[in-house]
Amino acid sequence: MHELAIVQELFKLCETNAMKHKATRITKVEIEVGRLSGVEAHYLQSAFDAFKADTICSQAKLIIHPKDITIQCNECGTQSILLENEFLCPKCGSNSLEVISGEDMYIMRLEMD
């Protein structure tokens with residue numbers, strides 16, 4: 001479960017940001033997780049909740065925003081959001097696509113005291 005390693009890195013980033021802003025605790029962590037990132041949101045939530053004790057995030061709530069897959073067709077140039085994991089251009093049917101977004105995970109916002 002690589003979600004545990006991700007959560008450990010998330011705690012480190014939170015601690016670094018809290019020290020930078022002279023905060024003593026993080027109350028909310030908002031992240032965006034792309035559908036193609038390989039991160040399972042429910043496992044990430046479970047790992048966060050299980051291991052947040054004794055960290056700067058011990059009282060924090062994790063908010064996960066899923067990010068859709070945005071593609072651009074190399075044939076017709078159409079940019080689209082894929083609602084299914086069917087990698088075909090919805091306009092022309094081509095499978096020559098470039099993924100524009102939906103592969104990454106980002107920290108969007110930290111709330112701290």
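Accessible surface calculations at 1.4 Å, restricted to protein heavy atoms, place the chain at 63 Å² per residue. Relative to the longest principal axis of the Cα atoms of the chain, helix 3-20 runs at roughly 60 degrees.
Of all DSSP beta bridges confined to the chain, the antiparallel ones make up roughly 70%.
Apolar share of the accessible surface for the chain: 48 percent from carbon plus sulfur atoms, 1.4 Å probe.
If the segment from Asn17 to Glu86 were pulled out straight at 0.36 nm per residue, it would be longer than the present Cα-Cα gap by 21.0 nm. The simple spin-label model puts a point 7 Å past each Cα toward its Cβ; for Asp68 and Ile107 those points are separated by 2.8 nm. Ranked by the mean number of other Cβ atoms within 10 Å of their residues, highest first, the peptides 73-79, 52-58 fall in the order 52-58, 73-79. Compute the acute angle (0 to 90°) between the alpha-carbon long axis of helix 41-51 and the principal axis of greatest extent of the alpha-carbon atoms of the chain; round to the nearest 10°. It works out to around 10 degrees. Of the chymotrypsin sites (Phe, Trp or Tyr not before Pro) found in segment 1-96, none is in coil by DSSP with at most 11 other Cβ atoms within 10 Å of its Cβ. Neighbours of Phe51 by Cβ distance under 14 Å: Lys/Arg scored +1, Asp/Glu scored -1, total -3.
For segment 27-65, GluC sites (Glu not before Pro) are listed when DSSP marks them as loop and at most 16 other Cβ atoms sit within 10 Å of their Cβ; the list is Glu40. The accessible-area ordering, largest first, of the residues Lys12, Lys22 stands as Lys22, Lys12, per a 1.4 angstrom probe. Kirkwood radius for segment 6-58, taken over all pairs of different Cα atoms as the inverse mean of 1/r, rounds to 11.8 Å.
Between Leu62, Leu97, Leu83, the residue with the greatest mean-square fluctuation in the GNM of the chain (Cα pairs under 10 Å linked by springs) is Leu83.
With a cut-off of 8 Å between alpha carbons and a minimum separation of six or more residues, what is the relative contact order of the chain in percent? Rounded, it is 36 percent for the chain.
The values are calculated or read from the model by the stated rules, or taken from the named source; none is laboratory data. This one's a predicted model, so the numbers in the text were calculated from it and none came from an experiment. Heads up, the Cβs are rebuilt from the backbone with ideal geometry, glycines too, and the neighbour counts pull from every protein chain shown. Side chains are part of the model used for accessible areas, which takes the heavy atoms of the whole protein and leaves out ligands, DNA and RNA. Shrake-Rupley method; radii C 1.70, N 1.55, O 1.52, S 1.80 Å.
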